[in-house]
Amino acid sequence: MKLGIIGLPVSGKTTVFEALTHEFAHTGDKSEDRLGTIHVPDDRIDALSRMYQPRKTIYAQVEYFLPGKTGQKNSSDKAETAWTAVRDMDALIHVVRNFRMFGLDEPAPESDFLKLDQELILSDLAVVEKRLERMNAEGKKGKPVDADEQELLEKSRQLLESETPLRRDPALASDPQLRGYAFLSAKPVMVLFNNEDEDTALPEPSGSVGQEERLVIRGKIEHELAQMTDEEAADLLAEFNIAASATARVIQKSYAILGLISFFTVGEDEVRAWTIQNGTIAVEAAGVIHTDMKKGFIRAETISYEDLMAAGSMNAAKKKGTLRLEGKTYAVKDGDIINFRFNV
């Protein structure tokens, strides 16, 4: 899972990236792309690891991508190339300035959000119009044209011309025939308001920004916390009356905006979280672990995390009857602990 971090200049994108990933630049060069991989905090994995004492504990992972400055500059002649660096991201984190700074205007979160969101829309519109022009030209030459694809692109153009991002029409945004275009405005978005040190309030939702997933981060504080020892961090948390770092909430929300869930496999060798789309059936979940499991699927021994914790052990859960057998079409739930029976 990859999320691209975008935002207007001076919004604090680099600060947020480094606070989330704990990867700090040694130079002031902001022209290079940066990628950081971190695990998704999950108390359930911690508890299962304490129960099984495995040789390895593997968390779900999320990658954050910060494009270099050139990755976000509009080309004067080809708008569709402006956002190439983040087109293959699964979702976007839009950092919006909500702090005062000497030499800058007062923060205007909604205006700033709309300004950059319109760039995404215009970039997508350029891609759509170019493709439709080519399809029309091919049709005039008697070449076959995919009518369904053309209709979807026409719908996309209508939406984009009305200055509406494609994500407002989930069915259109997720249509498999449009997947190859990697439309920017079709991607899930989390708006991250970068607040001042003393400000914990989420700005009042209004307009288009009110329709997005929204979180607050005090970027400067979180950046400082990321560079501290646990003891130093505890003092800063106490000073600003912070119960816990906001970065964990950002990471978990990153996971959630994509509609992803975790199921677990457990044992003495390994306790591991596996990432799947919500609604994935058991046989497909087995395939995430190994294709042989999917091919030779027999049954899924399944128990919820809560039931296992309540029983205290897998043997006790068996006696209580909370460990059950599920078939191929069982929709895996978040927190399920599964042992797949298979034969190949």
ask   = On the given criteria, is Ala246 at pLDDT below 95 and out of contact with any strand residue (DSSP E or B) (no Cβ under 7 Å at 6 or more places or on another chain)?
value = no
remark   = Of the residues in the range 175-207, those that are surrounded by 14 or more Cβ atoms within 10 Å (Cβ to Cβ), under 19 Å from Lys2 (Cα atoms) and either in contact with a Cys (Cβ under 9 Å, 6 or more places away or on another chain) or not hydrophobic (A, V, I, L, M, F, W, C) (or both) number 4
ask   = What about Glu204, is it closer than 27 Å to Ala256 by Cβ and in a loop (DSSP other than H, G, I, E, B)?
value = yes
query = So which residues in the range 263-280 are buried (at least 17 other Cβ atoms within 10 Å of the Cβ) and either of a type in the set (Lys, Arg) or in contact with a Gly (Cβ under 9 Å, 6 or more places away or on another chain) (or both)?
reply = Phe263, Phe264, Arg272
task = Output the number of residues of the range 86-127 satisfying the condition of being in contact (Cβ under 8 Å) with a residue 12 or more places away in the chain and under 20 Å from Asp197 (Cβ atoms).
result = 10
ask   = For the range 1-47, which residues satisfy the criterion of being surrounded by fewer than 21 Cβ atoms within 10 Å (Cβ to Cβ) and hydrophobic (A, V, I, L, M, F, W, C)?
value = Met1, Leu8, Val10, Phe24, Ala25, Leu35, Ile38, Val40, Ala47
ask   = Could you say which residue among Ser162, Ser156, Ser174 is hydroxyl-bearing (Ser, Thr, Tyr) and in contact with a helix residue (DSSP H, G or I) (Cβ under 6 Å, 6 or more places away or on another chain)?
value = Ser156
query = Looking at the range 26-109, what strands (runs of 3 or more DSSP E) fall wholly within it and have at least 3 residues that are farther than 28 Å from Ala186 by Cβ and at pLDDT 95 or above?
reply = 56-58
inquiry  = I need a count of the residues in the range 258-280 that are in a strand (DSSP E or B), small (Gly, Ala, Ser) and closer than 21 Å to Ala186 by Cβ.
reply    = 0
key: Residue within the range 209-230 that is in a loop (DSSP other than H, G, I, E, B), farther than 18 Å from Glu18 by Cα and at pLDDT 85 or above present   = yes
ask   = In the range 145-186, what count of residues is obtained for those that are closer than 29 Å to Glu106 by Cα and either touching a strand residue (DSSP E or B) at 6+ places or on another chain (Cβ under 9 Å) or in a strand (DSSP E or B) (or both)?
value = 2
query = From the set of residues in the range 253-281 that are of a type in the set (Phe, Trp, Tyr) and modelled with pLDDT of 95 or more, which is farthest from Met314 (Cα to Cα)?
reply = Trp274
ask   = Any residue in the range 235-243 that is among the small types (Gly, Ala, Ser) and surrounded by 14 or more Cβ atoms within 10 Å (Cβ to Cβ)?
value = no
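The values are calculated or read from the model by the stated rules, or taken from the named source; none is laboratory data. Quick caveat, the model's predicted, so the values are computed rather than measured. Backbone-built Cβ (ideal geometry, glycine too); neighbour counts: all protein chains shown.
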